[in-house]
Amino acid sequence: MKIFKSFSLVIVLLFMSCGNSTKPEEKSIYKRTKVEKKQVTKATSATPIDLENNGIGPVSSYSFDKEIDTELASQGKQIFDAKCTACHNVNRRLIGPPMKGIYDRRNPAWVMNIMLNPDQMLKEDPIAIALLKEYNNIIMINQNLTIDEAKKLAEYFRTL
């Protein structure tokens, strides 16, 4: 019984000695700091919204059918995944702007012309020039798309 009391006393003393160090250097090591949560704000584009500008290129105007052509959109997604994802993401800004909601910011003809004629658009179109400045003067590479491929991409962008 005496051994049990001694052992219990040693255990109690051991627990009491842990945790509250009086050495300043140990306190600073284990000192908890308050973790601040960063408020993430959505980046806003400095480029104005312009739904009247058709851009410069082979498409003078373009309008969509009421119903989305799912087969065309599916083919457009394949093209997007193969040729566009190095610079564009659906939902977020990368090297280029996000594609989701593109038709809330740009005219469909403008979107097709930037895909088909990026070199001239980046030199002469005011919106394309503003986007070029906003995206650190990184040019959009001409992917040499056909008009049919641009239509498929345009239809895909409607589904986002």
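Shown for LYS152, LYS100: other C-beta atoms within 10 Å of each C-beta, ranked fewest to most, produce the order LYS100, LYS152. Once the chain from ILE49 to ILE138 is taken as fully extended at 0.36 nm per residue, the excess over their C-alpha distance is 30.0 nm. The spread of Cα positions in region 70-158, taken along each principal axis and listed from longest to shortest, comes to 35, 25, 23 Å.
Values quoted throughout were computed directly from the atomic coordinates according to the rules given, and no laboratory measurement underlies them. These numbers were taken from a predicted model, which means no experiment stands behind them. So basically every Cβ, Gly included, is an ideal-geometry build from the backbone, and we count neighbours across all protein chains shown.
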